[in-house]
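I have placed the structure first, in the form of structure tokens, so that the comments after it can refer back to it.
The values are calculated or read from the model by the stated rules, or taken from the named source; none is laboratory data. All values reported here derive from a predicted model rather than from experimental measurement. Heads up, the Cβs are rebuilt from the backbone with ideal geometry, glycines too, and the neighbour counts pull from every protein chain shown.
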């Protein structure tokens, strides 16, 4: 696996609230599906949970499900939302809209992390997802040297960063904040 430039310090991440396509188990990718009522409730719960966490900036993916989640957190924390296109979800190409479970069965895979090995040629390469996301995070951390930053994005973005930094996937749930912790050159992902 390629080595990536790791961000200089720890940072916060929040997966957007749930959408109808999430509940249906479909690849969403760049398809701009809004939060459903449950997703809005999850974003509100995340905002409440984050009231005890110090952070200075919120940076969001441009997709509406992430922006709406970020807006709800921003309203509760009195922080502005900044948007960065490099946090956008993986482009799943011809898999977008298809059933994740059926796709896994078709390819004979049982672990979610194995989906990264079957991405179609008309989508985005898995290595590119983590490369652009880590570059984005690093750019924001370097631009705001004393700031704690919350990045609101997507499962594949967060999983690709975890795989690159921690060498594993994690149980990433909608509307649950996580801290990517840097301790020396080692990383962990911990629920906040």
- Task: Specify which of the listed residues (41, 46, 121, 76) is within 28 Å of residue 142 (Cα to Cα) and more than 15 Å from the chain's Cα centre (by Cα).
- Result: 76
- Message: Of the conditions (1) assigned to a helix (DSSP H, G or I); (2) free of Cβ contacts under 8 Å to residues at least 40 places away in the same chain; (3) under 24 Å from residue 10 (Cα atoms), residue 62 satisfies every one except a single condition; which number is it?
- Response: (1)
- Message: Give me the residue from the range 8-33 that is over 20 Å from residue 99 (Cβ atoms) and surrounded by fewer than 23 Cβ atoms within 10 Å (Cβ to Cβ) and, out of that set, modelled with the lowest pLDDT.
- Response: 8
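One line per residue, one yes/no per condition, for (1) in contact with a strand residue (DSSP E or B) (Cβ under 7 Å, 6 or more places away or on another chain); (2) surrounded by fewer than 14 Cβ atoms within 10 Å (Cβ to Cβ):
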{"residue": "96", "(1), (2)": "no, no"}
{"residue": "102", "(1), (2)": "no, yes"}
{"residue": "114", "(1), (2)": "no, yes"}
{"residue": "129", "(1), (2)": "no, no"}
{"residue": "150", "(1), (2)": "yes, no"}
{"residue": "166", "(1), (2)": "yes, no"}
- Item | Residue check, residue 122 out of contact with any strand residue (DSSP E or B) (no Cβ under 9 Å at 6 or more places or on another chain), more than 27 Å from residue 9 (Cβ to Cβ) and not in a strand (DSSP E or B) | yes
- If residue 118 passes every condition in (1) without any contact (Cβ under 8 Å) to a residue 24 or more places away in the chain; (2) over 21 Å from residue 167 (Cβ atoms) but one, which one does it miss? (2)
- Cβ-Cβ under 7 Å pairs, at least 6 apart or on other chains, the range 80-94 side exposed (fewer than 13 other Cβ atoms within 10 Å of the Cβ), far side at pLDDT 95 or above and in a helix (DSSP H, G or I): 80/74
